[in-house]
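Report on one structure; see the data block that follows.
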DNA sequence: CATGAATGAGGGTTCATTCAT
DNA sequence: CATGAATGAACCCTCATTCAT
């Protein structure tokens, strides 16, 4: 009984979070009304208040949860990259593709959009979550690039800078093209950004000086 | 007499636009109430309706106007760049600084934030304005870079790509650092992004192949 | 010049009255906004205020004017009825048709609807106008019926009562059918009401006692 | 428990309907503001929206409800009329008095005024309700008159026509006198209309041909 | 006097939040 | 704890009316 009830409670908690992420991401904080969230989650409105206190509390919980999820994905993607690849260019393109996919696809897009749009409304919350995530991501990426430099595949003085610039080169254009998360991205834009971004990155940081294509 | 009438009407029109840009940018569309705009503009609320029809119409006018302003600034900045500079690196850094300043400073920041935050609410309006502006900016920049390539200062196969990547390299980090327009940018971040971005750009596209610093 | 200006002023006055009758009748007093009236009349809104003081004053002017018009029509119709007709039934049916037409057709309908709908809002104005008109109409009709009685075509003790009942018999059904002036009347309903109403009237007040058909 | 909840909800529902009938009838749809209704009903304004959706929904509910009530009263009155009365004239006068009372007294007056005044604003709703009620009333009345004809108290070829004309004869004058529901009716006018109306009706449709008094 | 523009006041509707069960 | 119902506070928008020309 207790287990069942607990389970049910956890289920509702999760259902509310999922519903809220969906609605918040689509409509923004101000335009989200809790009636809609409650209906989508299949609970009554006061239940939301029981679980999360108020609307802002629900939003914070949504952001924290979804950010953790997104962060874990990114860490996995970076970890899966070889430090001694047979084909460096291909390896970097795969990595870049995966990173962009984490940022732009499905839950990643929703998470990013929330952070971006509501940054002014919840400055502290959003700063903390975003900076934390970004810093961790860049640190992991810098670490991986440093290893590639150590193994001679790249020539880096400043791996942190290389990480930031690789991210910028491959993700900036998709970000803009998606309306900063408002629309689905055009895959062709992603492909071009990745290909050309890695190309330029290698032209600047590759093993031997070579002009970009 | 007619001039006086016209002037007064135009003054109120402008005052409303200015006030609305301020409030919209700070609070977003949904959280902006027209009472506040009216008070800030020094007009009565119905005057807003006389001029702009409704809240959405006011928003559209604000976005169009401020985008045009921002666009003109950017065009001036690009036009002011020499096509045969004594010091290429310095010239590009100056250009990059100015561009970032246009995007992030004052009205530029507000404009960007509006476009970004309300992209989901007014997809058509925002797409049109943003894509138009971005395309024009990138075209101008690509043209300038092509000239630099023609004069031998750069070696570019695809000036459009070079323009996109230069923008990405110098503006991505300030964008993120500002919370996408929600907070003032840290000048140090801008300086670093510009210096390092131009450095990498030159490493990839400079006259002779040279590794990034 | 003076004549021309005077004429123009009179024209505007009339145009406003016509436009206002139209809009008031269609939408009622509360739902009529003076912008619509002004546009329909081709004048600026303050001109209405110059001519009629305020919205209520305009309404009063409309009601008085249109009532006088309607009243004149009714008087003409009754006056045109023969006091010694060859075919009494036909003469009464013609009279009845004309009366119903005055009440239900075009301006008559608008006038009636105004009086009816706004009776609670302007009790004094409407009472005065309506009672005056109705009394005058019934008096004229009673006089005509009394003449028909004097010439032996009818047998009436109380011409006033006969007038009221004739009006009731022929106009009640069309009134209801038109939604009390809200919709155009079905001509078939008018025809039936007139035929049957006159028939019953003659059965009760005709020269010799005869049952209704 | 459930009963208590239900009761409270039903109570509020009813209280809102009653208050709204009162205010709508007095002021018309456009001039009724829901604050007033809410205060009169002793509820908060949003409660009205919970129950009836919006102002028009409330109006529709009021009209439907009050029309049903009025209709039931009329049916009762007609059913209570004897089909083989000792004194036909007295029986008809009693019936007519009751009918006029249903139409003009208290809730009847309010109902009629609503239907009449808002016929142009809610044509479909009002048509449906009014025509339905009127048709049912006239059918019932025609049935009763047909029975009186079958028992030899009247001589009718067309009971439907007789019903319409009896209604017209006894109710037209009170209707006009009340300003179509805007003012209380003068009882003397009702008495006269009933007496004279029944008299004329009997002169036309009574057992033997006899002139009206 | 006619007009374009401006305004003060008010009403319908929504929504985050709280009772009562 | 979950729920149906209720509420107070706000906001968008309209419109009769008035200035200034």
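Just to be sure I understand the filter: pairs with C-beta atoms under 8 Å, separated by 6 or more residues or on different chains, first member in segment C:1-27 and not assigned by TED's automatic domain parsing to the domain that holds residue C:45, second member at pLDDT 85 or above and away from DNA strand E (no atom under 12 Å from the Cβ). Which pairs pass?
Sorted first by the residue in segment C:1-27, then by its partner, the list stays empty.
Which members of segment D:52-64 meet the condition of being surrounded by fewer than 17 Cβ atoms within 10 Å (Cβ to Cβ) and free of Cβ contacts under 8 Å to residues at least 60 places away in the same chain?
Those that are surrounded by fewer than 17 Cβ atoms within 10 Å (Cβ to Cβ) and free of Cβ contacts under 8 Å to residues at least 60 places away in the same chain: D:53, D:54, D:57.
If a residue must be within 21 Å of residue A:212 (Cα to Cα), more than 7 Å from chain A (Cβ to nearest Cβ) and buried (at least 21 other Cβ atoms within 10 Å of the Cβ), how many such residues does segment B:168-196 contain?
Residues that pass the stated criteria total 4.
Return the pair list, or none, for Cβ contacts closer than 9 Å from residues in segment B:32-46 that are away from every other protein chain (no Cβ under 14 Å) to residues that are part of a loop (DSSP other than H, G, I, E, B) and more than 6 Å from DNA strand F (Cβ to nearest atom), at least 6 apart or on different chains.
Close Cβ pairs satisfying both conditions: B:37/B:43; B:38/B:44.
Take residue D:83 and tell me if it is away from chain C (no Cβ under 14 Å), closer than 30 Å to residue D:199 by Cα, at pLDDT 95 or above and more than 16 Å from DNA strand E (Cβ to nearest atom).
It is false that residue D:83 is away from chain C (no Cβ under 14 Å), closer than 30 Å to residue D:199 by Cα, at pLDDT 95 or above and more than 16 Å from DNA strand E (Cβ to nearest atom).
Of the conditions (1) assigned to a loop (DSSP other than H, G, I, E, B); (2) under 11 Å from the mean Cα position of the chain (by Cα), residue A:119 satisfies every one except a single condition; which number is it?
Condition not satisfied by residue A:119: (2).
Here are A:134, A:130, A:157: which of them is within 14 Å of chain B (Cβ to nearest Cβ), surrounded by fewer than 22 Cβ atoms within 10 Å (Cβ to Cβ) and not in a helix (DSSP H, G or I)?
Going through A:134, A:130, A:157 in turn, the sole match is A:157.
Exactly one of (1) within 15 Å of DNA strand F (Cβ to nearest atom); (2) over 20 Å from the mean Cα position of the chain (by Cα) is unmet by residue B:83. Its number?
Residue B:83 satisfies all of (1) within 15 Å of DNA strand F (Cβ to nearest atom); (2) over 20 Å from the mean Cα position of the chain (by Cα) except (1).
When you scan segment C:1-12, do you find a residue that is surrounded by 13 or more Cβ atoms within 10 Å (Cβ to Cβ), away from DNA strand E (no atom under 16 Å from the Cβ), in a helix (DSSP H, G or I) and away from chain D (no Cβ under 14 Å), even just one?
no
Within segment B:110-123, is there a residue that is away from DNA strand E (no atom under 14 Å from the Cβ), crowded, with 22+ Cβ neighbours inside 10 Å, over 18 Å from residue B:178 (Cα atoms) and within 14 Å of chain A (Cβ to nearest Cβ)?
Within segment B:110-123 (the criterion being away from DNA strand E (no atom under 14 Å from the Cβ), crowded, with 22+ Cβ neighbours inside 10 Å, over 18 Å from residue B:178 (Cα atoms) and within 14 Å of chain A (Cβ to nearest Cβ)), the answer is yes, since at least one residue qualifies.
Which of the residues that make up segment C:197-209 are at pLDDT 95 or above and either at the interface with chain D (Cβ under 8 Å from one of its Cβ atoms) or closer than 14 Å to residue D:197 by Cβ (or both)?
C:197, C:200, C:201, C:203, C:204, C:205
Being part of a helix (DSSP H, G or I), within 14 Å of chain C (Cβ to nearest Cβ) and more than 10 Å from DNA strand E (Cβ to nearest atom) is the requirement here; does residue D:100 meet it?
Considered against the rule, which asks whether it is part of a helix (DSSP H, G or I), within 14 Å of chain C (Cβ to nearest Cβ) and more than 10 Å from DNA strand E (Cβ to nearest atom), residue D:100 comes out as yes.
With the condition kept exactly as written, say whether any residue in segment D:62-78 is within 16 Å of DNA strand E (Cβ to nearest atom) and more than 14 Å from every other protein chain (Cβ to nearest Cβ).
yes
Can you name the residue in segment A:45-54 that is outside any loop (DSSP other than H, G, I, E, B) and near DNA strand E (Cβ under 8 Å from one of its atoms) and, of all such residues, is nearest to residue A:13 (Cα to Cα)?
Here the answer is A:48.
Just wondering, is there one or more residues in segment D:105-120 that are under 25 Å from residue D:150 (Cβ atoms), in contact (Cβ under 8 Å) with a residue 12 or more places away in the chain and in contact with a helix residue (DSSP H, G or I) (Cβ under 9 Å, 6 or more places away or on another chain)?
Looking for residues that are under 25 Å from residue D:150 (Cβ atoms), in contact (Cβ under 8 Å) with a residue 12 or more places away in the chain and in contact with a helix residue (DSSP H, G or I) (Cβ under 9 Å, 6 or more places away or on another chain), one finds none in segment D:105-120, hence no.
Can you tell me which residue within segment C:25-47, out of those that are more than 9 Å from DNA strand F (Cβ to nearest atom) and crowded, with 20+ Cβ neighbours inside 10 Å, is nearest to residue C:119 (Cα to Cα)?
C:28
Would you confirm, using the coordinates I've provided, whether residue C:84 is at negative phi, outside any helix (DSSP H, G or I) and in contact (Cβ under 8 Å) with a residue 60 or more places away in the chain?
Answer is yes for this residue.
Just for segment A:29-44: of the residues that are within 11 Å of DNA strand E (Cβ to nearest atom) and in a helix (DSSP H, G or I), which one is nearest to residue B:123 (Cα to Cα)?
Going through the qualifying residues, I end up with A:31.
So is residue C:148 farther than 26 Å from residue C:118 by Cβ, within 12 Å of chain D (Cβ to nearest Cβ) and surrounded by 21 or more Cβ atoms within 10 Å (Cβ to Cβ) or not?
no
The values are calculated or read from the model by the stated rules, or taken from the named source; none is laboratory data. The structure presented is a predicted model; accordingly, all values stated were derived computationally and were not measured. Note that each Cβ is placed from the backbone with ideal geometry, even for glycine, and that neighbours are counted across all protein chains shown.
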